Amino acid sequence: MFNALRADNSPFTQPQIDSLQQSLGNLDESQSAWLSGFIAGRLAGPPSRSLGHSLGHSLAGAAQLPLPVAAANPNSAPAEGERLQVFFASQTGNGEGIAQSLAADAERAGLVVELKSLAVLRPASLKKLEYAAFVISTHGEGDPPDDALELFEYLQGPRAAQLGQLRFCVLALGDRSYGKFCEAGRKLEHLLLARGASVFAPRVECDIDYEQPATGWSASVLSFAVANLAPGSGQVLPKLALAPLAAHLSVVPQAARWSRARPFSAAVERVQKITGLDSDKDVFHLELSLEGSGITYEPGDALGVWAPNAHELVDEVLRALDIAADAAVVLDDHRHTIHEVLIRKRELTRLSQETVQGYAELAQNRELGNHFAQLDDEQRRDFIEQRQFVDLVTDFPLAAGIRVSASELASVLRPLAPRSYSIASSQASVDEQVHLTVATLYAPGSSKKRTGVASSFLNQHLAAGDEVHVFLEPNHRFRLPEDRTTPLILISAGTGIAPYRGFLQQLQAEGSSPATWLIFGNPHLRTDFLYQREWLELRKSGLLDHIDCAFSRDQNEKRYVQHVLREQGARLNQWLEQGARLYICGGLGMGREVELALRDVLCSERGLDTGQAAECVAELRRQGRLLKDLY
Amino acid sequence: MSDEKLALTPVEGIKARSNYLRGTLLQSLADGATGALAEDDTHVSKFHGFYQQDDRDYREERRRQMLEPDHQFMIRARVPGGICTPVQWLALDAIAQKWANGTIRLTTRQAFQLHGVIKRNLQPVISAINDSLLDTIAACGDVNRNVMCTPLPESSPIHRQVCVDAQAVSRHLTPHTTAYHEIWLGKKRVAGTADTALAEDHEPIYGATYLPRKFKMSFAIPPRNDVDVYAHDLNFIAIVEDNLLSGYNVAVGGGMGATHGDPATYPRLADVIGFCTPDQVLSVSEAIITIQRDHGDRTERKHARLKYTLDDHGLDWLHTQFEARAGFRLAPQRPFSFTHNGDRLGWQQTSDGLWHLGLFIQNGRVADLAGATQLSGLREIARILQGEFRLTPNQNVVISGIADRDRAAIDALVEQHGLDSWNRLSPLRLHSMACVGFPTCGLSMAESERYLPELVGQLESLMAAHGLAEQAITIRMTGCPNGCARPYLAEIGLVGKGPGLYNLHLGAAFNGTRLNTLYRESVHEGDILSVLDGLFAMFATTRNDGETFGDFLHRTGVVTAGTEQGKIGQ
Ligand code: SRM
Ligand SMILES: Cc1cc2nc3c(=O)[nH]c(=O)nc-3n(C[C@H](O)[C@H](O)[C@H](O)COP(=O)(O)OP(=O)(O)OC[C@H]3O[C@@H](n4cnc5c(N)ncnc54)[C@H](O)[C@@H]3O)c2cc1C
Ligand SMILES: Cc1cc2nc3c(=O)[nH]c(=O)nc-3n(C[C@H](O)[C@H](O)[C@H](O)COP(=O)(O)O)c2cc1C
Ligand code: SF4
């Protein structure tokens, strides 16, 4: 497993590397994970970054560590109150889950541990931090999750303190189909190091199949903590430690039976197209049954959906590569046919750089290799977004005489990941059902009408009576305010309207009626006002005070939600002054435009300059009055 | 007497609150969340000439899609006397292409209708129609509607005089409110608040709540009864003596509308109540309209038409009321007679030597269809026509005022675009008429415009089998009992009752002087065909020379009881 080490990617000389590989080569994963933590713990000061980096790669894939008992720790003179602080900044819940289980394991190992969202970390208190593990994902286009924004601002700013006392490590979550892979995690480590902090275990970067590497990382964190931190004093500890844990989790951890790894098989009860005839969008309303799952959700949460690739697509790929559908592949010690693997276990619709390069090598297609090599990041992202794997193999076929084996194929493709969908209902109103609003994704650029795997599976292949594998993705960053009298400004475009349907169902069921203002955008009023009947009913009933729509193609010049905001600047400002909360849900681009419009409005309505307005927006975010759910 | 103790209808409240027909139309138009108007405004809008509808073919689908109904609007343009210039035709054609469903609908009252206009296009459409010097105000609503006039009598001078009178009445009875110009033509809003607006707006004839119900007028020039002069509230029958227009017989209290299963509602033929001179037409109209304004029933819209006011109070009462208001008595009516209530199609020459070509437009729907590109054809004709278009009361169109030398050019276009059907189709089809019905009409219970052509086809073969292929029979279908195609004045009347179900009425007079009689209730196509097959057989074998189908059915006692009319005057 140390063959990742090379003289050119590590501080070692070739002889050192040879002996390292010789002596370490036959350690099993858990042993080396343990060792890494141990070494890191011994090191005074940070290990060289490149070492951390390369180790990081080698660690990815470490298995669950059999927890060492605290006693097994020989030499430590722990200071009073030394605690392991586990922080997470998570948008869709993956990182939060990882952080939770790390904290739980640490407690079982008898450590004093505190679990916190970065949202509640006061930058000032950084100075007192000694041992911290950060789990942080990347969102937007290389941006940190909202919860980490304040910390990043602080660390980048002039006021940031020196953090010589802090020893930390980072788990970076990401997705290689995006341009800036794990950017937020890398940046966080960089910023902390720049303030004099040191890493006690190498950073690990995870692609969407993060479970294994994450467990490896947790193992090394634990082994370090066990080796260096004070054990808790027996029985009382769990409670003590659990207190902050509960305090900082704004969700009661769900009926943990069902998870991303063990999804619930939900019965489909309704699949209904909700865009009108001759709309250029195919948006569907789905009703699934959670009956018997014990899953309870809140409006604002999302549902994770596992969707298989379409048979036709798989056949097309196998035909193009001349691989027999029943060719055997061994994945985590199980034999599968390549057909099964491509259907259930691999990404065919979303490419990544690795897949493109991997395939170029396998196929020995120089044209592809050279072409991709000379693209810049921007161009590579476009290249990826405009192609699916099947386009790749048809546009850049195998070189003459080259054959690709089933296992080779499986190895260049990324593991299939679930997709998230905002929940469009409230259990207060639909009980054990969960509703989704799904737009069939037609792949941009692709010549044939290629569709996205999950959206087309949900919209085109499911019918009432079928089953679909789902799990809850809590999102406590996008909830109704505790104070149900807070005015709500609900901004969305396209399927971004989904969570607001849940919000209003909830309010209606509770009988609470804050001032509400829906701002929605889509191409055409006649066909694309999603759930129009319900919104009009709500307006009639008085629960919805205003509906402002921007139908982009209903007039000569395009009109979007940000235009509505500017037109309605006076009212917007007035609502904000009355303490309104502003929600934004939908596409990333829309989110950006809306924030710009919001700034402009603050400038014009309050006579601020852009800097002040930007600060105003940041303040709204800190106060939790500007909430975003963008994808 | 409309009983004061009874509550006024909600519509009366809406009219009263509307501030001379403004309502909240401007807000309704500005509401971007729906393609509909606010409920109250859907009543106000009628006075401006448009109806809120939805495509009923998609109602159910859109309900499942959680979308509102496919709201769209029918816009009616008034064409007094049915006379329209080629320029106006071209304008309307362009509007239909750009903003409506690409067809023009000729109505049974000699007007135009456009369908499928969506809310945000209402303003452009209405102002464009006004630019063409047609208008839409009072095309619908509780006011006087488009004034009808026989489009093509033999004598042009008479026609000209009668048209002048018809158009004068139409102008005289057009609402005065400035709301229309304000909302649609962007004329500056009447200064000040609603109240000062009230002060500035006034309706000398109608008053602030207008009429209890729609009010309809027609001018007929015997022997042609194409306007169905007995079917409307107030009618003028031209009396021509020595080729001079000496005046009009006045007929009041006609109407078709009825409601299934409600005997208090019924079609009624107008009563001829006397004679007036041309210069008295305006005062006669004003007197009759104000009688209806003050005494029509505002507590029950189904009972609000003049015909019921008349039956409630009696003719003597009417004469007293009339004299009090007009300041004179009507002279005794003068003799006249009608020969037919259909259109005369094909080429005809009038006394002034000009030629006129009556074209058959099936159910008034001018469209481009495979084989018959009638919409394009009429566009081409409009581009070269020196004369004018005249819309007929039977949903057809006359190309009017053609000089001898231009006939060939017209004939060529007519043939090229399948407009020559008048000399190819059966007399039955040429005498057929259906209301709009599905999918746009909100009141239809059964198919009408989309179905009658097919049914006529079946009847044609039955008639052919009995050697009646050349027999003219008036056949009219409506999707509900409101009677928009005046079905109760057809020898064969079919009135929609439910999907695929019709009431079969038989035995009206070919000249529109006798109502038909309900013969079979709620019958399917099969029964309709077999019943008529039998009657055609009898008719073919035992009719008298020149006897019409309706008269035959009465003589042989197949039907009785149809209200006699029009003998008055002989
Ligand atoms: C277009 C037209 C039928 C046609 O195929 O040409 C028509 C179409 C409609 N008529 Fe009519 N009527 C039309 C001539 C008539 C006639 C015939 C006539 O006036 O010579 C009558 C019978 C005479 C009478 O008024 O008694 C007629 C009696 C009605 C009634 C019943 C009135 C009553 O007193 O009971 C209604 C329903 C109502 O007013 O409540 C009605 C209502 C309607 C509406 C507006 C339905 C509605 O109220 O929502 C229909 C619109 C359908 C659509 O989608 O276009 N329409 N309607 C005619 C337009 C005339 C015009 O240019 O103004
Ligand atoms: C928190 C959250 C909530 C969401 N809520 C909803 C919702 O309510 N309704 C809804 O419809 N969707 C929602 N989404 C989006 C949803 O999760 C899926 O991303 C979307 O349905 C597309 O998935 P897919 O499997 O159909 O397409 P994929 O198979 O993932 O991709 C299809 C095509 O997209 C292109 N593509 C590949 N990579 C990229 C890239 N990096 N960026 C852009 N395009 C790329 C390629 O052409 C590919 O063929 C949400 C996402 C998140 C994160
Ligand atoms: C809208 C969106 C944007 C993302 N952008 C990036 C990105 O720019 N770079 C990256 O490496 N990962 C990106 N990701 C992938 C996430 O970081 C990855 O799904 C991670 O597992 C989420 O962890 P969390 O649930 O703790 O937020 C993005 C995910 C979403 C939903
Ligand atoms: S008769 Fe009835 S169905 Fe036909 S157009 Fe008139 S109202 Fe509609």
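Does the stretch B:487-498 contain any residue that is away from chain A (no Cβ under 14 Å), away from ligand 2 (no atom under 16 Å from the Cβ), at pLDDT 95 or above and closer than 14 Å to residue B:552 by Cβ?
The answer is yes; a qualifying residue exists.
Let me spell it out: the conditions are (1) touching a Lys or Arg at 6+ places or on another chain (Cβ under 6 Å); (2) assigned to a strand (DSSP E or B); (3) of a type outside the set (A, V, I, L, M, F, W, C), and residue A:205 meets all of them except one. Which number is the exception?
It fails just one condition, (1).
For residues that are surrounded by fewer than 17 Cβ atoms within 10 Å (Cβ to Cβ) and assigned to a helix (DSSP H, G or I), scanning just the stretch A:604-613, find the one that is nearest to ligand 4 (Cβ to nearest atom).
A:604
Suppose we filter B:272, B:281, B:250 for residues that are under 22 Å from the mean Cα position of the chain (by Cα), open to solvent by 10 Å² or more (accessible area, probe 1.4 Å) and under 22 Å from residue B:334 (Cβ atoms); which single one remains?
B:272
Do you know which residues across the stretch A:349-375 are open to solvent by 60 Å² or more (accessible area, probe 1.4 Å) and either within 16 Å of ligand 3 (Cβ to nearest atom) or part of a helix (DSSP H, G or I) (or both)?
A:350, A:354, A:357, A:361, A:366, A:367, A:370, A:371, A:373
In this structure, does residue B:354 turn out to be under 28 Å from residue B:104 (Cα atoms), touching a strand residue (DSSP E or B) at 6+ places or on another chain (Cβ under 7 Å) and surrounded by fewer than 19 Cβ atoms within 10 Å (Cβ to Cβ)?
Judged against the criteria, residue B:354 is a match.
Specify the residue that is nearest to ligand 2 (Cβ to nearest atom); the eligible residues are those in the stretch B:414-428 that are outside any loop (DSSP other than H, G, I, E, B) and open to solvent by less than 30 Å² (accessible area, probe 1.4 Å).
Among those residues, the one meeting the criterion is B:421.
Here is a yes/no grid of residues against (1) among the small types (Gly, Ala, Ser); (2) in a loop (DSSP other than H, G, I, E, B); (3) without any contact (Cβ under 8 Å) to a residue 24 or more places away in the chain:
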residue	(1), (2), (3)
A:149	no, no, no
A:181	no, yes, no
A:186	no, no, yes
A:193	no, no, no
A:226	no, no, no
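Within the stretch B:215-270, work out how many residues are in contact with an Asp or Glu (Cβ under 6 Å, 6 or more places away or on another chain) and assigned to a loop (DSSP other than H, G, I, E, B).
Matching residues across the stretch B:215-270 total 3.
Being closer than 24 Å to residue A:523 by Cα and in contact with an Asp or Glu (Cβ under 7 Å, 6 or more places away or on another chain) is the filter here; which residues of the stretch A:453-498 pass it?
Passing the criteria: only A:459.
Being within 12 Å of chain B (Cβ to nearest Cβ), in contact with a Gly (Cβ under 6 Å, 6 or more places away or on another chain) and either farther than 21 Å from residue B:62 by Cα or modelled with pLDDT of 95 or more (or both) narrows it down to one of A:493, A:550, so name that one.
Answer to the selection: A:550.
What tally of residues in the stretch A:257-301 results from selecting those that are touching a helix residue (DSSP H, G or I) at 6+ places or on another chain (Cβ under 9 Å) and within 14 Å of chain B (Cβ to nearest Cβ)?
So the answer is 15.
Show me the strands (runs of 3 or more DSSP E) entirely contained within the stretch B:479-548 in which 1 or more residues are open to solvent by less than 10 Å² (accessible area, probe 1.4 Å), small (Gly, Ala, Ser) and within 16 Å of ligand 1 (Cβ to nearest atom).
The qualifying strands (runs of 3 or more DSSP E) are B:492-498.
Could you check the stretch A:376-398 and list, in sequence order, the residues that are loosely packed, with under 13 Cβ neighbours inside 10 Å and not polar (S, T, N, Q)?
Within the stretch A:376-398, A:376, A:377, A:378, A:395 qualify.
For residues in the stretch A:77-111 being within 26 Å of residue A:213 (Cβ to Cβ) and part of a loop (DSSP other than H, G, I, E, B), which is farthest from the chain's Cα centre (by Cα)?
A:110
If I filter the stretch B:289-310 down to residues being touching a helix residue (DSSP H, G or I) at 6+ places or on another chain (Cβ under 7 Å) and not in a loop (DSSP other than H, G, I, E, B), which single residue comes out as nearest to residue B:8 (Cα to Cα)?
B:301
Check whether at least one residue in the stretch B:421-429 is in contact (Cβ under 8 Å) with a residue 12 or more places away in the chain, within 14 Å of another protein chain (Cβ to nearest Cβ) and either more than 16 Å from residue B:486 (Cα to Cα) or within 16 Å of ligand 3 (Cβ to nearest atom) (or both), and report yes or no.
no
Test of understanding: among A:453, A:470, A:438, which residue is within 26 Å of the chain's Cα centre (by Cα) and away from ligand 2 (no atom under 11 Å from the Cβ)?
A:470
Between B:41, B:135, B:55, which is at negative phi, within 14 Å of chain A (Cβ to nearest Cβ) and under 25 Å from the mean Cα position of the chain (by Cα)?
When all the criteria are applied, what remains is B:55.
For residue B:374, are the conditions met, namely being touching a Leu at 6+ places or on another chain (Cβ under 7 Å) and surrounded by fewer than 18 Cβ atoms within 10 Å (Cβ to Cβ)?
Here the answer is no, as residue B:374 does not meet what is asked.
Kindly provide the set of residues from the stretch A:112-123 that are farther than 30 Å from residue A:421 by Cβ and assigned to a helix (DSSP H, G or I), ordered by number.
A:123
This table checks each residue for (1) in contact with a helix residue (DSSP H, G or I) (Cβ under 9 Å, 6 or more places away or on another chain); (2) open to solvent by 30 Å² or more (accessible area, probe 1.4 Å); (3) in a strand (DSSP E or B); (4) within 16 Å of ligand 1 (Cβ to nearest atom).
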position: A:411; (1), (2), (3), (4): yes, yes, no, no
position: A:455; (1), (2), (3), (4): no, no, no, no
position: A:468; (1), (2), (3), (4): yes, no, yes, no
position: A:484; (1), (2), (3), (4): yes, yes, no, no
position: A:499; (1), (2), (3), (4): no, no, no, no
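I need the full set of residues from the stretch A:155-179 which are more than 16 Å from ligand 2 (Cβ to nearest atom), surrounded by 19 or more Cβ atoms within 10 Å (Cβ to Cβ) and not in a strand (DSSP E or B), in order please.
Of everything in the stretch A:155-179, those that are more than 16 Å from ligand 2 (Cβ to nearest atom), surrounded by 19 or more Cβ atoms within 10 Å (Cβ to Cβ) and not in a strand (DSSP E or B) turn out to be A:155, A:163, A:166.
For the stretch B:2-91, please list each of the helices (runs of 4 or more DSSP H) lying entirely inside it that holds at least 1 residues being hydroxyl-bearing (Ser, Thr, Tyr), more than 16 Å from ligand 2 (Cβ to nearest atom) and open to solvent by 20 Å² or more (accessible area, probe 1.4 Å).
It comes to B:39-47.
Hey, among the residues in the stretch A:507-543 that are outside any loop (DSSP other than H, G, I, E, B) and more than 14 Å from chain B (Cβ to nearest Cβ), which one's most open to solvent (accessible area, probe 1.4 Å)?
Of everything passing the filter in the stretch A:507-543, A:508 is most open to solvent (accessible area, probe 1.4 Å).
The values are calculated or read from the model by the stated rules, or taken from the named source; none is laboratory data. Since this is a predicted model, take the numbers as computed values, not measurements. For neighbour counting, all protein chains shown are included, and Cβ atoms are generated from backbone atoms with ideal geometry for every residue, glycine included. Just so you know, the surface numbers come from the protein's heavy atoms only, side chains and all, with ligands and any DNA or RNA stripped out. Shrake-Rupley method; radii C 1.70, N 1.55, O 1.52, S 1.80 Å.
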